[in-house]
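The block underneath contains the structure these notes are about, expressed in structure tokens.
Read-outs: derived from the displayed coordinates by stated rules, not from any lab. This structure is a prediction, so every number in the text was calculated from the model and none was measured. Ideal geometry is used to build each Cβ from the backbone, glycine not excepted, and the neighbour counts take in all protein chains shown.
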Amino acid sequence: MRDQPQNQGPEGPAPPVWTGRATNRMQWLPAIGGAACMALGITLAVASPWTSGIAPLLMAVIGCVAAGLLVLFGTLAFVHVAVRVDHRAMEVRCGHMGVPRRRIPLSHVVGADFAPSVTPRQWGGWGYRWRPEMGTAVVVRRGEGLVLRLGDGRTFTVTVDDAESAVRAIRALLLHRTTPPTPTGPTGGG
């Protein structure tokens, strides 16, 4: 999970790869609530005793299933986050399906900092967040995080275990790059 040297190839040793993750097991509680809401919708559809018509029944079933799916996906997507840093980019993948995903080329990065205490309250909640005065973040739990400073003046924060070693790895990779950082254009909150 820390700095991991890759196999050596004909060109010499491959650059190091850093991987890390963070988990929030408390996200399973709302996921259970979402699954229960979906189950209620399915139960209503299958065994409905309603005699007041099809429209109210249809609205209740669709509402329960849609709300359940939204809560279920919204929480399961942020149960954990996986971060991978190599000589090309930092990639952040959320949840078991890896969605949402964010890839930031190191050519767009001007610096990396350690944040000892990132909280959902700072960012307005869990998940993939954007605040105009702070930048973009992936917050899956309270605790340490990694803050990338991008060439366009924006920042990207991610909560990840052992963020200090990630910062060291990124700084080392930035020191050895041969081209200066390239400014990035607006990317919709990135």
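In region 21-59, the residue that is farthest from the chain's Cα centre (by Cα) out of those that are aliphatic (A, V, I, L, M) and outside any helix (DSSP H, G or I) is Ala47. For region 43-73, the set of residues classified as more than 21 Å from Gly33 (Cβ to Cβ) and in contact (Cβ under 8 Å) with a residue 40 or more places away in the chain is empty. Restricting attention to region 72-93, the residues that are aliphatic (A, V, I, L, M), touching a helix residue (DSSP H, G or I) at 6+ places or on another chain (Cβ under 7 Å) and over 10 Å from Thr19 (Cα atoms) total 4. Where residues in region 74-95 are outside any strand (DSSP E or B) and touching a residue at least 24 places away in the same chain (Cβ under 8 Å), which of them is surrounded by the fewest Cβ atoms within 10 Å (Cβ to Cβ)? Out of the qualifying residues, it is His87.
Note on region 18-64: residues that are closer than 30 Å to Glu144 by Cβ and aromatic (Phe, Trp, Tyr) total 2.
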